[in-house]
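Every number here is computed from the coordinates shown, using simple stated rules; none is lab data. Keep in mind that this is a model prediction, so the values were computed, not measured. Positions of Cβ are generated from backbone atoms using ideal geometry, with glycine treated the same way; all protein chains shown enter the neighbour counts.
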Amino acid sequence: MPLRFLLDEHLRGPLWWAIQRHNSYGVDQIDTVRVGDSDCPALGSSDWEILIWAEQAKTILITLDESTMPDHLASHLRNGHHSPGVFMIRPAIHLPDLVEFLLLAAQVSEPDEWVDRIAYVP
């Protein structure tokens, strides 16, 4: 099963467009949706709502929200829930490097490698 990604709302801009540019080549698509897209959590959703949606949709959350997301994920797990994973993006990463990481992760890893954990990128 290939990896699927959910971009947190603060990543809707340049990262989304970098992924779309990559996907426009028609090879090795990166399966990505965004908070605020139809059938996804609405803009302004709480971390809790986003984690629940990502769990149900089996979608790895990609976020920059290092100030609250680790605590919310820990609470989510303590309450008996699970997470397909969270990719915590470091602010200094260059978009081409991030797109390359997402592509590599989607191609060579299995979804269960990321379950219930945060992976800091890079």
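Can you give the calculated 222 nm mean residue ellipticity of the chain, where each DSSP H run of n ≥ 4 adds -39,500 (n - 2.57) and the sum is split over every residue, rounded to the nearest 500 deg cm²/dmol? Don't skip to the answer; put the middle values down first.
Details: 4 runs with 45 residues, N = 122.
It lands at -11000 deg cm²/dmol.
Amide hydrogen proximity for Gly85: with H placed 1.01 Å from N in the peptide plane, the residues at 5 or more positions away or on another chain lying under 5 Å are Leu61, Asp116, Arg117. Per-residue Karplus couplings for the range 107-121, computed as 6.51 cos²θ - 1.76 cosθ + 1.60 with θ equal to phi - 60°, are listed in order as 7, 10, 10, 9, x, 5, 5, 10, 4, 6, 8, 9, 10, 8, 10 Hz, Gly and Pro entered as x.
Each residue of the range 13-28 was assigned a 3J(HN,Hα) from its phi angle through the Karplus curve 6.51 cos²θ - 1.76 cosθ + 1.60 (θ = phi - 60°); the sequence is x, x, 5, 4, 5, 5, 5, 5, 4, 4, 5, 5, 6, x, 10, 6 Hz, with glycine and proline shown as x.
Relative contact order for the range 7-114: what percent, with Cα pairs under 8 Å and sequence separation of 6 or more?
29 percent
Is the shape of the range 65-122 rounded, prolate or oblate, going by the alpha carbon gyration tensor and its root eigenvalues a ≥ b ≥ c, with a/c under 1.5 for rounded and a/b larger than b/c for prolate? Taking the square roots of the gyration eigenvalues as a ≥ b ≥ c, the range 65-122 is oblate. For a paramagnetic label modelled on Leu64 (point 7 Å from Cα along Cα→Cβ), amide N atoms under 13 Å away belong, within the range 1-42, to 8-16.
Add +1 for every Lys or Arg and -1 for every Asp or Glu among the other residues with Cβ under 13 Å from the Cβ of Gly80, and state the total.
Values: positive: Arg78; negative: Glu55, Asp116.
The answer is -1.
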